[in-house]
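Just so it is clear, none of the values below were taken in a lab; they were calculated from the coordinates. Please read all numbers here as calculations on a predicted model, not as lab measurements. Cβ coordinates were reconstructed from backbone atoms using ideal geometry, including for glycine residues, and neighbour counts include every protein chain displayed.
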């Protein structure tokens, strides 16, 4: 294993993640951070029609199918993925938190700027579509 891969794996297993937008999330978080009052952030809830939301491992696979993505933190309850834009190197982050009732709350937002031209909404739509294609109907 290369040093870079080992460092990424260590960061992905950290107990607390500090976002480039300034918020912090621990591996035991109860909810994703709130979206700021800007159009570059989306929130929602994932729950399968059968009552069982996809696992965080399935969500990680769906998120990693996005270009230039990586997992920043993974715990029993929390998954954080980051996505880098191709041209200007902007960073977006998605936080997924499993709730006590089995559903998963998510937040996906840009680290900087005000408007993202719908990039986060479209990315989450693709991730949710991947989850639906592997595990049944997803309600949002």
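A few points about this structure:
- In this simple spin-label approximation, residue 86 and residue 129 carry label points 7 Å from Cα along the Cα→Cβ vector, and these lie 1.6 nm apart.
- Net lengthening on full extension, residue 28/residue 64 (0.36 nm per residue, minus Cα-Cα): 10.8 nm
- Contour minus Cα-Cα distance for residue 114 and residue 45 (0.36 nm per residue): 22.5 nm
- Taking other Cβ atoms within 10 Å as a rough exposure proxy, 106, 115 sort from fewest to most as 115, 106.
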